[in-house]
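What follows is one structure encoded as structure tokens, with my remarks underneath.
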Amino acid sequence: MVVKCESRVSGKVMVVKRIKKMPSVSGDASDEDEAGADQGFPVRYLREACLLRACNHPNVMKLEFVTYHEGQIELFSEFVGLNVEDYISSLSDEYFTRNKQKHEWVLQLGRYFMKQVLKGIDYCHSIGILLRDVKPRNFLISSDGTLKLTGFVLARFSLLPEEPLTQQVVTLSYRAPEIILGGTYPVYTAPVDIWSAGCTFAEMITGRTLFEGDSEIGQLLKIFKLLGTPSDCNKSFCFEVPSYIELLPQWQPQSLSERLEGLCDEGVDLLSRMLLYHPCSRITARDALKHPYFQGDHSLMKT
Amino acid sequence: TGLDAQSLLLTNRRLENNIWTQSHACSMRTHLSRQETVTEEMRTVLVNWLIEVHFKFRYREPCLHLTIQLLDRFLARRVVPRRRYQTAGVTAFLLGCKFEERQNPHVGDLSYITEYSSTRQNIVDMEREMLLQLGFDLVQPKPSCFLERFSKAAGLETTQRIDGKMSV
């Protein structure tokens with residue numbers, strides 16, 4: 001449950017996320033002893049609280065403090081406002097069509113937000129945090145136009161060596177192919193966040209989700225349909241992929257600039273670099289910030 | 001993790017020594033001086049026991065490093081009575097696993113390995129106390145992070161890396 005509140009001491013407006021401590025349901029059935037037993041602080045919120053506390057960056061939401069009473073946990077964080085998903089759906093269709101002026105405005109705003117998205121991600125990666133849940137819903141827009149990264153429930157602390165991690169991360173539409181293909185414990189690291197950021201980017205420009213699959217395989221098909229089926233999968237992904245992939249239809253890569261009407265060439269180039277199959281050749285957040293797309297003065301015009 | 005018992009024993013000794021100095025560097029000067037009933041020998045015993053537990057559960061090193069770090073930081077801030085000392089250790093282990101590993105042990109199992117000297121409720125309470133005391137700050141550099149970073153930078157082979165891991 002999330003509520004807005006105001007501090008009586010400082011007058012600060014904050015958001016409280018209240019978590020009722022549930023007895024664990026995930027425990028295996030054979031373990032009757034453990035079913036319903038108190039497992040202490042829930043793992044996901046433990047990671048969220050600790051990682052948010054470790055962050056200190058203008059583009060990452062600030063967690064003010066945490067309280068932990070018997071059976072109830074409350075996370076107090078700064079109040080930001082609307083999230084990007086709501087922002088996109090609040091715009092009417094004509095913003096995303098060829099209607100020149102309004103579309104231009106969306107494109108500019110997209111660039112302005114994307115820069116902050118990448119700054120936030122770059123900061124997290126630089127201190128060793130893997131976000132694993134980058135999507136429009138997890139970016140909040142404050143009243144002065146600053147974007148704040150949130151949604152650390154799935155994040156974890158992980159450093160350079162790639163290690164097998166769990167598969168059940170990242171909302172499906174934003175999930176990178178190496179997670180979908182990697183088996184039960186796929187090996188992945190920072191590039192998965194870049195993939196998700198690329199999907200977010202496209203969504204801000206077009207107003208629609210880039211790849212909207214209904215299942216893991218459906219998601220994969222959507223990706224291949226746009227970006228082309230890789231001819232040699234083991235080489236494209238640098239690991240053994242399941243053999244069923246050879247049965248998939250062979251699609252040719254489509255042009256991204258057609259899909260993202262109106263986006264300038266640099267923008268399309270950046271997006272294509274963010275959506276490369278091979279995790280190691282995918283652009284890093286830091287390099288993306290140096291990309292020509294962000295060069296020059298792009299401060300927002302008042303509308 | 002494919003170590004035989006002999007080399008494990010050796011590693012244990014080294015591991016323990018190294019972490020001993022490490023934690024001194026990391027945490028405050030007043031490390032154990034605040035404690036009234038807990039002595040350095042007791043810490044050695046506890047850390048040895050934790051290393052054994054950690055090995056039984058087959059977790060990776062960062063988890064162990066975090067466990068010991070948490071324990072030391074907690075002891076530097078809070079006076080722990082002797083009978084709660086093992087609870088503190090096992091709780092630090094629980095937090096370490098929760099934070100670092102894909103799966104974490106059940107609280108009941110942890111209570112079992114202390115031969116029920118710490119009940120489930122004890123551990124849950126201690127966890128809360130530890131989290132609040134440390135201000136939810138579990139993200140600290142661990143020896144293994146440095147090792148991985150440096151060995152990657154130096155372009156070492158896997159075997160050399162494993163040697164390095166052993167000495168940490």
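Computed from the coordinates by the stated procedures, all read-outs in this text should not be read as laboratory data. Just so it is clear, the structure is predicted and the values come from calculations on it, not from any experiment. All Cβ positions, even for glycine, are placed from backbone atoms using ideal geometry, and neighbour counts span all protein chains on display.
A few notes on this one:
- Sorted on the mean count of surrounding Cβ atoms within 10 Å across their residues, most packed first, peptides A:41-47, A:289-295 read A:41-47, A:289-295.
- Shielding value for A:40-46 is 6, the average number of Cβ atoms from other chains within 10 Å of each residue's Cβ.
- Extending 7 Å from the Cα toward the beta-carbon at both A:SER255 and A:ARG18 defines two label points whose distance is 5.5 nm.
- Inter-chain neighbour count for B:95-106: the average number of beta-carbon atoms from partner chains within 10 Å of each residue's beta-carbon is 4.
- Legend: ranking of residues A:CYS5, A:CYS280 from fewest to most surrounding C-beta atoms inside 10 Å; resulting order A:CYS280, A:CYS5.
- Its residue count N fixes a reference of 2.2 N^0.38 Å for the stretch A:84-294, and the Cα radius of gyration divided by that reference is 0.99.
- Net charge of the neighbourhood of A:ASN59, taken over other residues with C-beta under 10 Å away and scored Lys/Arg +1, Asp/Glu -1, is +2.
- Cβ neighbours within 10 Å from other chains - mean over B:132-138: 5
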